[in-house]
Structure formats: C-alpha cells, structure tokens
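Since every read-out is calculated from the coordinates, none of them should be taken as a lab result. Not measured: the values here are computed from a predicted model. Because the Cβ atoms are built from the backbone with ideal geometry, glycine has one as well, and the counts that use them run over all protein chains shown.
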Amino acid sequence: MGYWEKLLQHVVQGLQCVELGPRVRVQGVRVLWLCARWAGISVTLSELGERRAEQAERAGRGGAERSAEQPLPASADPGPGPGSMDRSSLLQLIQEQQLDPENTGFIGADTFAGLVHSHELPLDPTKLDMLVALAQSNERGQVCYQELVDLISSKRSSSFKRAIANGQRALPRDGLLDEPGLGVYKRFVRYVAYEILPCEVDRRWYFYRHRTCPPPVFMASVTLAQIIVFLCYGARLNKWVLQTYHPEYMKSPLVYHPGHRARAWRFLTYMFMHVGLEQLGFNALLQLMIGVPLEMVHGVLRISLLYLAGVLAGSLTVSITDMRAPVVGGSGGVYALCSAHLANVVMNWAGMRCPYKLLRMVLALVCMSSEVGRAVWLRFSPPLPASGPQPSFMAHLAGAVVGVSMGLTILRSYEERLRDQCGWWVVLLAYGTFLLFAIFWNVFAYDLLGADIPPPP
C-alpha cells in the first residue's frame, strides 16, 4: 500500500469517528473520493461506503452489548485509554440525557458517573475519583458544570497534569473545612483558598501544594515603602492630613506633575506618595487584605504585573484626560487588584465559598465608591486654598478598568500558562496600544493643544 493509500485510509477512519450529520458525512466521502482520483488511487464510492457501514455495524453491536451490562460503580475503572472530551460534546450529551433539566448549572455525580460507563466516555479513573471528591464536598452531591468541563477537558497546567498522571495528587474525601488539627498558618492558607479560588479542585490543589517559600513579599514591601515615605514627609512637613496643600510637597521627585513629564520614573513612583493618612490607611488596608492573598495564590510575578500595570495606566490616563492635574497615591494599583477580585467573585458566584460574600461585596463597593467621591471632591472643591490643581481622581477609574480586563484574565487562569490563553494576548495588545497612544500624547499633544499647565514646582 502506497503513501497516499495509507493517508486516505487514515482519513476515512477519522471521518467515521467524528460525530457529524449524515449529509456532512456523504459530502466528506465524496471529497475523499475526488482526492483519491486526483492522487491516482483506485477506490470507488461504494468501497468507502462499505468501510463506513462495516465500522458502523461493529459500533452498533458493541453498543448493544454494553447496554445489556450492569453499570459499574462510580469509583471503578471506566476502561482503557484516558482520552479527553471537548466542551461541545459534553454539553450535547448533558442536554440529550437531560442531566440538568432545570438549568441550575449543577449535575448529580452518580448520574453522570453511570452515564460515563454506559457510553464508555474517555474519562480516566483518577479524574472520576476527583469527580466523586467534588460531589462529596457539595451538600447535595452535585458538581458544578464548569468544574466538570474543566476536569474532563484537562484545563490545567503541565504541572497539574503530571501530578495527576504520576498519582502524586490525591484528593481526600473530606472537605477542607473538615480538616482536623491544622496549625495557625495552615488555617490561614485554607482561608486564602476559600477566599480567592472558586473551584474545589483548585482549592484542594492549592492547599496541599502550598509552600511558605517564596513568601508574598511584593505587596508587603510596597506597603512598607509607602508607610516609610509617608512618615518621612510627614515629619519633614509637620503635616499628616492633606499634605498636598503644603507648598513643599509637590517638589518631591516622586510626585507625578504635568510639568515634569519628561522624568519618566514619576509615572510609577507617584504610588509611594499619598494625600494624607486617610488615603494611605485605605490603600494599605486593601493591599494587605486583598493583595497579599492574591499574591499567595497567583504568585509574585502575576500580581506585581497587575499592580504596576494599574499604577502606570492611572498616571497615563490622568495625563490624557486631566492634563493640568498631578497624581499621588497607589490607588491605580489598588483598584486594579480590588476590581479584578470582585469581578472574579461575581463571575464565579456559585463556586465561591467565602462567608457573607454578598454583604462583603456591597461593603467593598461602598468603600471604593466613597474613596472615588472623596478624590473628586478634593479635585474640584478643595477645602483649603492651594497654589495649583489638586491630584486627579482618574487614576482610580483607570486602575479599575485594568483590573476588570487584565486582572480578570490573570485570576481566571490559575495553574494555567497565560501565554496559552488567547484572551491574554488580546488584553496585552489593547494595553500596548494604549501605552503607545499615551506616549505620543505626552510628547506632542501638550504643545499642539496649547495646554495651560501649572508651572513645575
């Protein structure tokens, strides 16, 4: 048998395995026949049809024999070959079997396990055990549809897959909340897992593989540096509230001022300066309460990238939309973290197990809105006479946009490589386009528009 004949045979066999409609199959066979004629292979349409009929008859006999057998228990071996199942075939199977007639988003684990064995679906025993563990962690013995899709489609990183294949990732039958004899730190790790991750598999995976090294140093270091800088300027100016009204405050080399746009470091270093004790306390509290748990789960690289992207987007947005205003405070990075976390909680509302999540969501939105309102009031209605415009509030909004776009993509990709996510490249392209536009704006727009900016201090 020549090369083309072998290739045609493999393609015909693949065509029989694909779940297509009869009309599509006929058209596919005709196309293969034309390709065979063009390649000089002697084959007829009847031969192709006979091959397909023989395979269909064998599959029918096998299905009839399997249907007469007794279904296996949920923890038994479903058969050889681990394989995988895509999202579309799984959804079609769930709809045909009416496993979720009320569209609740949850599926009974026992019912699905029986369906797996009766249809000989390619689900390896380890994943089936994980499915049972997920169901046991649910009060009604059900599994969230999204968790089921992620589990069957192997939507995990290479490290997760290797651990599953090597048997190194054993999921206990009891839920994490029932773990006895935990120390203080392990209790904190469990708290972080339930606060940040929406999937039970991810929570267990994080809890049992978590290591104390490296610690979450980025958010702690940024917060400590902000406190030290504030104390230094507070002692120097002898002013702890509304420091921006002091004439010497804007002379700091860290503050972003439109008159010093050429000093590019100011677009980032302004995050170490704050208006007063109230803004520093608000930002430091959120950085430690939200930033540190996020860094523990997603790593220092991802969270530092998100935080700094929010800070840079905040100063650049102010330079475009509020051209006369300076910027101080780390609100751009803080709002990037908070908005990303809140958006992740909303999109995975059914899977989040943090207590009082609705009340905490409302309180977080009220606090963030109050801080933005305070910044707007200080910008347009300053309580004290000042020598120039007060810091802008647009950095808060820019940070929130970065959090909803870039941050949500990062938080939804736990234990997955970002470079494998199509949405990640779309977000990076959008952010890069914004950076290029902002750079050209700062270089040319101020002179072309004749912006009346205050003189640099």
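Which length gain, in nm to one decimal place, applies between residue 428 and residue 356 when the Cα-Cα distance is subtracted from 0.36 nm times their residue separation? Write out the running numbers ahead of the final one.
Details: separation 72, 0.36 × 72 = 25.92 nm, distance 3.42 nm.
Extending this stretch completely gives an extra 22.5 nm.
Please list, in order, the residues from segment 229-268 whose amide nitrogen is less than 17 Å from a point placed 7 Å along the Cα→Cβ vector of residue 278.
239-246
If you put +1 on each Lys and Arg Cβ and -1 on each Asp and Glu Cβ, how big is the dipole of segment 317-384 around its Cα centre, in Debye rounded to 20?
Numbers: 6 positive and 2 negative charges, 32 e Å.
Roughly 160 debye for segment 317-384.
Students often check this: by mean Cβ neighbours within 10 Å, which of 340-351, 210-221 ranks highest, and how do the rest follow? Write down the numbers at each step before the final one.
Working: 340-351: 18.0, 210-221: 13.3.
Result, highest mean Cβ count within 10 Å first: 340-351, 210-221.
Highest mean first, what order results for 247-257, 371-381 on Cβ atoms within 10 Å?
Highest-to-lowest ranking by the protection proxy: 247-257, 371-381.
Roughly how many nanometres apart are two label points built 7 Å out from the Cα toward the Cβ at residue 449 and residue 241?
Output for this residue pair reads 3.5 nm.
Work out, step by step, the length gained on full extension between residue 320 and residue 381: first 0.36 nm times the residue separation, then minus their alpha carbon distance; give nm to one decimal.
Working: separation 61, 0.36 × 61 = 21.96 nm, distance 2.12 nm.
In short, 19.8 nm is gained.
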